[in-house]
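*Asks:* Okay, here's the structure, questions in a sec.
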Amino acid sequence: MNNPCGINDRKVAIIGCGFVGSASAFALMQSGLFSEMVLVDVDHKKAEGEAMDISHGEAYARPMKIYAGTYDDITDAAIIVITAGANQKPGETRLDLVQKNVNIFKSIIPEIAKRNYKGILLVVANPVDVLTHAALKLSGLPENRVIGSGTVLDTARFREILGNHLGVDSRSVHAFIVGEHGDSEIAVWSTANVAGVPINKFCELRGHFNHQQAMKKIADDVKNAAYEIIERKKATYYGIAMAVKRICECIVRDEKSVLPVSNRMHGAFGIDDITLSMPAVVGRNGIEVQMPITLSESEAAALKKSAEILKQIAAKAGI
């Protein structure tokens, strides 16, 4: 049913039908969150093919209208997921993609803005923090309604690797990656815990005492995970597709869950006027509030450094 703003709460749109866009579409089809999904791509036949392929699994999922469309078909979507952009190649950092993908966003975002869109933009393309900042500037939409997937995937990797290291369900691990979704990201060890037990104490319960060495290795494994995957299979898409599904769940169900999404900073930790990944309450209206998390002195300094890197990149890209 459409809400008073003309938004169909059961409709999602995906712009970009490459590996990430199609994997996200597949994950969202299986989720049961939506009853309508429109796919948009510069290669319309590619979008048609993906829509056809995914829709052929509906008999084993839930009824859903899936089709290829244009920008005119997305104006009433509750969420527009933007995955369009150049892919990260072996040996290339996410920040290396910035100018190519900012230029792509300069053609996409104005098309959405001029249609007076009232829903939520979920930016997934890389470098996601810089592109979320660009989407904010180019769209003129309120900050709460422009979200980047941020370090939601990095945090899932962090929890999964930590869970394996400790021999515990990753869902019981509470820890965040913050800052850039990329090489300057920060593993927040100071407040990491397993079911409320501080991480170092839990490590010792499991027979691990060389904390500094283990912390460095785990943080490096999280940071380098995408490079390792790209080296082996040329692209990453399943993990981020699950992250997209999780963010959409929080919005559609108004869960008010805390996720480390890309959102604009306004003075916290001495950081202003840049978008990066920090834990925030996410619900029906997008970002409700940024969480006032506690960081150690070294973590706060690393976050400020990460913000400066992103600011420099954004400035070079003219945003």
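*Asks:* Suppose every K and R has +1 on its Cβ and every D and E has -1 on its Cβ; what is the size of the dipole of region 1-93 about the Cα centre, in Debye to the nearest 20?
*Replies:* Taking the Cα centre of region 1-93 as origin, the dipole is about 180 debye.
*Asks:* Further question on the same structure: How big is D for the chain, in µm² s⁻¹ as a whole number, if Stokes-Einstein is applied with the Kirkwood radius of its Cα pairs at 10 °C and 1.306 mPa s?
*Replies:* On the way: Rh = 19.9 Å.
For the chosen part, D equals 80 µm²/s.
*Asks:* Could you please rank 319, 186, placing first whichever residue has the fewest other Cβ atoms within 10 Å of its Cβ?
*Replies:* 319, 186
*Asks:* Here's another thing I want to ask about it. For 5, 203, which order do you get if you count the other beta carbons within 10 Å of each Cβ and list the fewest first?
*Replies:* Final ranking by Cβ density, sparse to dense: 5, 203.
*Asks:* Taking a 20 Å limit on the Cα-Cα distance, which of the listed pairs 11/100; 114/137; 256/305; 223/305 fall beyond it?
*Replies:* Checking Cα-Cα distances, 11/100; 256/305 exceed 20 Å.
*Asks:* Computed FRET efficiency, Cβ-Cβ of residue 137 and residue 221, R0 35 Å: what is it to the nearest 0.05?
*Replies:* 0.55
*Asks:* Let me ask you something else. Between residue 61 and residue 114, what is 0.36 nm times their sequence separation minus the Cα-Cα distance? Round to one decimal in nm.
*Replies:* Values: separation 53, 0.36 × 53 = 19.08 nm, distance 3.51 nm.
Additional length available on full extension: 15.6 nm.
*Asks:* Which of 24, 107, 306 moves most in a GNM of the chain, Cα contacts under 10 Å?
*Replies:* Comparing 24, 107, 306 in the GNM, the peak value goes to 107.
*Asks:* So if R0 is 45 Å, what FRET efficiency would residue 100 and residue 52 give, r being the distance between their Cβ atoms, rounded to the nearest 0.05?
*Replies:* Rounded to the nearest 0.05, the efficiency is 0.95.
*Asks:* Need the full-extension length gain, residue 233 to residue 89, defined as separation in residues times 0.36 nm minus the C-alpha distance. One decimal, nm.
*Replies:* Length gained between residue 233 and residue 89: 50.8 nm.
*Asks:* What nm value, rounded to one decimal, do you get for the distance between residue 289 and residue 43 when each label is placed 7 Å out toward the C-beta?
*Replies:* It is 4.6 nm.
Here, each number is a calculation from the coordinates, and none is a lab measurement. Computed from a predicted structure; not experimentally measured. Cβ atoms come from the backbone with ideal geometry, glycine included; neighbour counts cover every protein chain shown.
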